[in-house]
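Everything on this sheet refers to the single structure shown next.
The values are calculated or read from the model by the stated rules, or taken from the named source; none is laboratory data. Since the structure is predicted, the reported quantities are computational estimates derived from the model, not experimental observations. Every residue, glycine among them, receives a Cβ derived from its backbone with ideal geometry; neighbour counts consider all protein chains shown. All accessible areas refer to the heavy atoms of the entire protein, side chains included, with ligands and DNA or RNA removed. Shrake-Rupley method; radii C 1.70, N 1.55, O 1.52, S 1.80 Å.
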Amino acid sequence: MEYFSTVAKIEFEGPQSQNPLAYKYYNPDEIVCGKRMEDYLRFSVAYWHTLIADGTDPFGAATMQRPWNGYSGLDLSKARVEAAFELIEKLGLKYFAFHDRDIAPEGTTLAETNRNLEIIVSKIREYMASTSVKLLWNTANMFSHPRFVHGAATSPNADVFAYAAGQVKKSLEIAKELGSENYVFWGGREGYETLLNTDMGFELENLARFYHMAIEYAKEIGYKGQFLIEPKPKEPTKHQYDYDAASAVAFLYKYGLIDHFKLNIEANHATLAGHTFEHELRVSRIYGVLGSVDANQGDSLLGWDTDEFPTDLYSTTLAMYEIIQNGGLHSGGLNFDSKTRRGSFEATDLFYAHIAGIDSFAKGFKVAAKLTEDGVLEEFIRNRYSSYGTGIGADIVGGTTDFKKLAEYAEKRAIANESGRQEMLKSILNQYLIELG
Ligand code: XUL
Ligand code: CO
């Protein structure tokens, strides 16, 4: 059955096209930064938003009109797999991502839940074998079910820790079976509501124990995908332990996990943490842990995770600039952890939304590539730090000076600072966005 019969394959038609169901900037075969765009950008469809989300919000019922709405149980899961592959192929994409509970319903026992999963995983495997679609990452949903009310690996209840371990064990087996290129941990309930009832130090140790066991099990079954932690400061918990990239890096170092994990950076999580998207990408990059990206955007007037499809070209350009400086995302990709608004309830909106996000990243990529090629920012930044290339600056960097010598030097030297030229740089960025990229 064809689920999206009114939409044909989305093709690249170029920036002059008036066809809303065509790519204006995303041209998979175009070479940018020495690679085909498709191979560099590695866009992925997020199963939970695109196949599952129904438009429910705290004030109102489902709105999404979906061609699979008439099904239930495993039939619904099967219909969603068929629809997912049709949509991914019509968008001309190569990747998708899912939580275990997205693809199959929970049974009454863990064994029954796992049997449901196996049925759907084998259907997904067949579709993957007959298409060129691959799994960017999978993960375990350890936040929706009431058993996770106080956390999963950080729950005060050891039985919940054990259950979570069983769940991740199964998800790692699925990752291995489907050749998932990465495996994600997003700790939605791994945090706390109040310190009055929380042993934070113990919860963090347990989280580390959990991750070490996951590494061990992946090794045991020969799963070689990249492990990723996805930071988020809050929501649903008041304070999530993987607050931002810097907190995640500190945790990974403290518990001897840094060699086994990279980060999956999400734009709207960055802004919730009071950072820009590019800040989080930069922090990850300088610590060597930039692994993958959840592509979306928030709304500066709303204080929560709105998960909008990314359309802000400044943000996609600055994000792609960081990704280029990182030499690409390697096994990672750009996963649209984004949902259509509640009012965009028609199935065709799923296509418009992905096209908007894909074209925004493609354009941002081209602008960032041109900026990098011309060395505009690099040259400015290099000059800005040039005082460390000679004289006292070279002594500081070379480790041949100390506080006493520096104090003597400072006595004799009048300080002359130079402008940081923010406004000039912003107008150059505009020029690249509008004309040169
Ligand atoms: C929630 C979020 C998750 C993770 C995967 O904010 O981003 O969907 O990406 O669990
Ligand atoms: Co995410």
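Brief remarks on what is shown
- Selection of the range 11-69 for residues being assigned to a strand (DSSP E or B) and over 22 Å from residue 84 (Cα atoms) yields 31, 32, 35, 36, 57, 60.
- Hits in the range 133-171 (condition: among the hydroxyl-bearing types (Ser, Thr, Tyr) and either out of contact with any helix residue (DSSP H, G or I) (no Cβ under 9 Å at 6 or more places or on another chain) or closer than 23 Å to residue 53 by Cα (or both)): 139, 144, 171
- Of the helices (runs of 4 or more DSSP H) lying entirely inside the range 99-217, those containing at least 3 residues that are in contact with an Asp or Glu (Cβ under 9 Å, 6 or more places away or on another chain) span 110-130, 158-178.
- Hits in the range 103-142 (condition: open to solvent by 30 Å² or more (accessible area, probe 1.4 Å), within 24 Å of the chain's Cα centre (by Cα) and small (Gly, Ala, Ser)): 132
- Among the residues making up the range 51-60, a single one is open to solvent by less than 40 Å² (accessible area, probe 1.4 Å) and in contact with a helix residue (DSSP H, G or I) (Cβ under 6 Å, 6 or more places away or on another chain): 51.
- Considering only residues in the range 305-344 that are touching a Lys or Arg at 6+ places or on another chain (Cβ under 9 Å) and hydrophobic (A, V, I, L, M, F, W, C), the one that is farthest from ligand 2 (Cβ to nearest atom) turns out to be 313.
- Only one entry in 340, 317, 390 is within 30 Å of residue 61 (Cβ to Cβ), at pLDDT 95 or above and among the β-branched types (Val, Ile, Thr), namely 340.
- Verdict on residue 36 being open to solvent by 30 Å² or more (accessible area, probe 1.4 Å) and within 16 Å of ligand 2 (Cβ to nearest atom): no
- Every condition in (1) away from ligand 1 (no atom under 16 Å from the Cβ); (2) of a type in the set (Asp, Glu); (3) in contact (Cβ under 8 Å) with a residue 12 or more places away in the chain holds for residue 54 except the one numbered (1).
- If you filter the range 16-33 down to residues that are free of Cβ contacts under 8 Å to residues at least 40 places away in the same chain and within 21 Å of residue 321 (Cβ to Cβ), you find that the one that is most open to solvent (accessible area, probe 1.4 Å) is 31.
- Restricting attention to the range 221-267, the residues that are among the aromatic types (Phe, Trp, Tyr) and open to solvent by less than 40 Å² (accessible area, probe 1.4 Å) total 5.
- Which listed residue, of 115, 147, 189, 125, is within 16 Å of ligand 2 (Cβ to nearest atom) and of a type in the set (Lys, Arg): 189
- Being touching a strand residue (DSSP E or B) at 6+ places or on another chain (Cβ under 7 Å), among the β-branched types (Val, Ile, Thr) and either more than 15 Å from ligand 1 (Cβ to nearest atom) or under 20 Å from residue 292 (Cα atoms) (or both) is a property that residue 184 has.
- Unmet criterion (only one of (1) without any contact (Cβ under 8 Å) to a residue 40 or more places away in the chain; (2) more than 23 Å from the chain's Cα centre (by Cα); (3) open to solvent by 30 Å² or more (accessible area, probe 1.4 Å)) for residue 67: (1)
- Residue match in the range 142-149 (condition: in contact with a His (Cβ under 8 Å, 6 or more places away or on another chain), of a type outside the set (Phe, Trp, Tyr) and either within 16 Å of ligand 1 (Cβ to nearest atom) or without any contact (Cβ under 8 Å) to a residue 60 or more places away in the chain (or both)): no
- Qualifying helices (runs of 4 or more DSSP H) (wholly inside the range 266-359; at least 2 residues being within 15 Å of ligand 1 (Cβ to nearest atom)): 267-272, 277-286
- Residue 286 being within 14 Å of ligand 2 (Cβ to nearest atom), modelled with pLDDT of 95 or more, of a type in the set (Val, Ile, Thr) and more than 16 Å from residue 314 (Cβ to Cβ): no
- When residues in the range 384-437 are screened for being closer than 21 Å to residue 374 by Cβ and part of a helix (DSSP H, G or I), 17 of them pass.
- Residues in the range 215-235 that are over 19 Å from residue 178 (Cβ atoms), within 16 Å of ligand 2 (Cβ to nearest atom) and aliphatic (A, V, I, L, M): 229 alone.
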